[in-house]
Amino acid sequence: MSGWRLARRFDPEDPELMDRPQPVSAALEKDLENLRGLNRWFGAWRIIRHWLGPRLERGRALRIVDLCTGSGDLPILMVEMARATGCRLVVDAVDAHPATLEIARRHCEAWPEIRLHAGDARTWEGEERPDYVVCSLALHHFTEADAGVILGRMREMGGRGMMVADLERAWWAVAGVWAASCFYREPMTVEDARRSAVAAFSRGEMLGMLRGAGWEGVKGGRFFYGRQAWWVDK
């Protein structure tokens, strides 16, 4: 740390525990359950509601791609919002980790509107062009160069627009993540949460990557707690 500035700490050769090759296990399932709770109570759901709500209209048909979907809790939230609105929504949920995707398949069984795909966010292409592309809480798992590639792919894919959300690297956000992680006993959740906080991009870095990826007319900003979200409507 230099003054109030916190340098990014990320090593692609030493990934977070959840990203490492592994079979479906009780530890991974519990970690993904914890992440669903963190998403619900610490901002990820709030961001989806804020961004997606105005875009849902009764009788409208929409297709959304959710990159790095994890266990699929955000696609489920999107579908539930669409059902309540009377909007016909299909979500293509993409993840590269085989065990995580298997858990997501079980978790999303009751929502046929969600179609799960194995794929790398840097290269995946669907058969149909989506209206919107979403990537939430995933860019900090990548190098800055790869994050830029993902943002560029999102710009190319999104017919009507795209939205990216992630942690914001700042001393106050890191302190909050460390404090929240003390309430968990699972080593995977604790270690990965603390790694994520220091691997996240700062607000300035994120905006720079968005400009570099050709995102024009960006809207968004900070969200509770320690989150940032940015979107474009074409």
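Full extension of the segment from Arg8 to Trp172, taken as 0.36 nm per residue of separation minus the current Cα-Cα distance, would add 57.6 nm. With the helix formula -39500 (n - 2.57) applied to DSSP H stretches of n ≥ 4, the chain reaches a computed 222 nm mean residue ellipticity of -12500 deg cm²/dmol. In this simple spin-label model, placing a label point 7 Å from the Cα along the Cα-to-Cβ direction at both Ala110 and Arg129 gives a separation of 3.6 nm. Net length available on complete extension from Thr143 to Ala61 is 26.0 nm, with 0.36 nm assigned per residue and the Cα-Cα distance removed. Can you grab the distance from the C-alpha centre of the stretch 77-91 to the C-alpha centre of the stretch 160-234, Å, no decimals? The two parts, judged by their Cα centres, are 25 Å apart.
Across q = 0.12, 0.13, 0.14 Å⁻¹, the chain modelled as identical point scatterers on its alpha-carbon atoms has Debye log10 I(q)/I(0) values of -0.63, -0.74, -0.87, in the order of the q list. Here the Karplus curve 6.51 cos²θ - 1.76 cosθ + 1.60, taken at θ = phi - 60°, turns the phi angles of the stretch 175-180 into couplings of 4, x, 5, 4, 5, 5 Hz, with x standing for Gly and Pro.
I'd like the chymotrypsin sites (Phe, Trp or Tyr not before Pro) in the stretch 144-234 restricted to DSSP loop residues with at most 15 other Cβ atoms within 10 Å, sorted by number. Qualifying residues, ordered by number: Phe183, Phe224. Once the Cβ-Cβ distance of Asp233 and Gln22 is raised to the sixth power relative to R0 = 30 Å, the FRET efficiency obtained is 0.20. Checking a compactness column here: for the stretch 40-115, what do you get for Rg(Cα) / (2.2 N^0.38 Å), N being the number of residues? Output field value: 1.06. Our summary gives the stretch 17-233 a relative contact order of 20 percent, counting only alpha carbon pairs under 8 angstrom and 6 or more residues apart.
Rule-based calculations on the coordinates, nothing more; no lab input. Just so it is clear, the structure is predicted and the values come from calculations on it, not from any experiment. Because the Cβ atoms are built from the backbone with ideal geometry, glycine has one as well, and the counts that use them run over all protein chains shown.
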